[in-house]
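Colleague: Take a look at the following structure, please.
The values are calculated or read from the model by the stated rules, or taken from the named source; none is laboratory data. Computed from a prediction, not measured in an experiment: that's the story for all the values here. These accessible areas exclude ligands, DNA and RNA; they are computed on the full protein's heavy atoms, side chains included. Shrake-Rupley method; radii C 1.70, N 1.55, O 1.52, S 1.80 Å.
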Amino acid sequence: MKKYFSIWLITMAALFAISCADDTFFELENPPVSPWPTLAEFENAATGTYWAAFRRSEWSNLKGAPVLLKTVQSDIAQLLPGTTGDIPFNEMYNRLSDREITKTRNIFTDAYRTINIANSGLQFLFDNNGLPYTNLSEDDINHNLRRIEGELHFMRGYTYWILSTVFLPNYGVDNNTPYIPLRTTFDE
């Protein structure tokens, strides 16, 4: 018993000797920096929206998934008996919109991922009064910075348009009712 107590005591002493100090443990080794230190890096804000919107397979991105959903829901499609697969054909064909299905869930999450990435770049511009880089030529401002800003606005608008085609009611509703969340600022 004395032997086990000695081992336990030595182990506890070793743990106290090598334990970290709270003050130094919580200091950042790499403090945060600007997400886009150069204009070339800021290009990633625009390309990030394209990545979020169109990166997956043909039927699981913001272009293919709404097309598949709307085609299966249309009058031109006919659901064949016994149709199986990893796609919720029955729910889409019968327009069971009260059920959560993978296609609409993926459209919603991919859309808001894209919107948040666009808002991140737009928030960066807003926080820096539209000109985050002081060493840019007039040509860089007009042809690169404003182009990236335009692409961010376009992708955010395109994404909201996709959301409106999938999640908004088609007729007989008040147009002032907020059916989809409007996000215009970066959500950290």
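Colleague: Would you mind giving the average projected area, over all directions, of the Cα convex hull of region 46-96 in nm² with one decimal?
Modeller: Result: a mean projected hull area of 4.1 nm².
Colleague: With every protein chain left in place, what is the accessible area of residue 98 in Å² (1.4 Å probe, nearest 10)?
Modeller: That residue has around 130 Å² of solvent-accessible surface.
Colleague: Using Cα pairs under 8 angstrom and six or more residues apart, how large is the relative contact order of the chain, in percent?
Modeller: 25 percent
Colleague: Turning to a different aspect of this structure: Can you give me the accessible area per residue for region 34-188, using a 1.4 Å probe, in Å²?
Modeller: About 62 Å² of surface per residue is accessible.
Colleague: Considering only protein heavy atoms and a 1.4 Å probe, what is the carbon-and-sulfur percentage of the accessible area of region 78-125?
Modeller: Carbon plus sulfur share of accessible area: 50 percent.
Colleague: How big is the accessible area of residue 120 in square angstrom, nearest 10, if you roll a 1.4 angstrom probe over the protein chains?
Modeller: The accessible area comes out at roughly 30 Å².
Colleague: GNM, the chain, Cα, under 10 Å: largest mean-square fluctuation among 80, 68, 39?
Modeller: Looking only at 80, 68, 39, the biggest GNM fluctuation is shown by 80.
Colleague: Compare 18, 107 by solvent-accessible area with a 1.4 Å probe and give them largest first, with all protein chains kept in place.
Modeller: Largest to smallest exposure gives the sequence 18, 107.
Colleague: Continuing with the same structure: When the solvent-accessible surface of protein heavy atoms is calculated with a 1.4 angstrom probe, in what order do 42, 89, 54, 124 fall, highest first?
Modeller: 54, 89, 124, 42
Colleague: Follow-up. As a test of reading the structure, rank 146, 183 by solvent-accessible area (1.4 Å probe, protein chains only), most first.
Modeller: 183, 146
Colleague: Not counting ligands, DNA or RNA, and with a 1.4 Å probe, what is residue 91's accessible surface area in Å² rounded to the nearest 10?
Modeller: 50 Å²
Colleague: Same structure again: If N is the number of residues in the chain, what value comes out of its Cα radius of gyration divided by 2.2 N^0.38 Å?
Modeller: 1.61
Colleague: Another question about this same structure. Evaluate region 90-134: find the radius of gyration of its Cα atoms, find its Kirkwood radius, and give the ratio Rg to Rh.
Modeller: For region 90-134, the value is 1.36.
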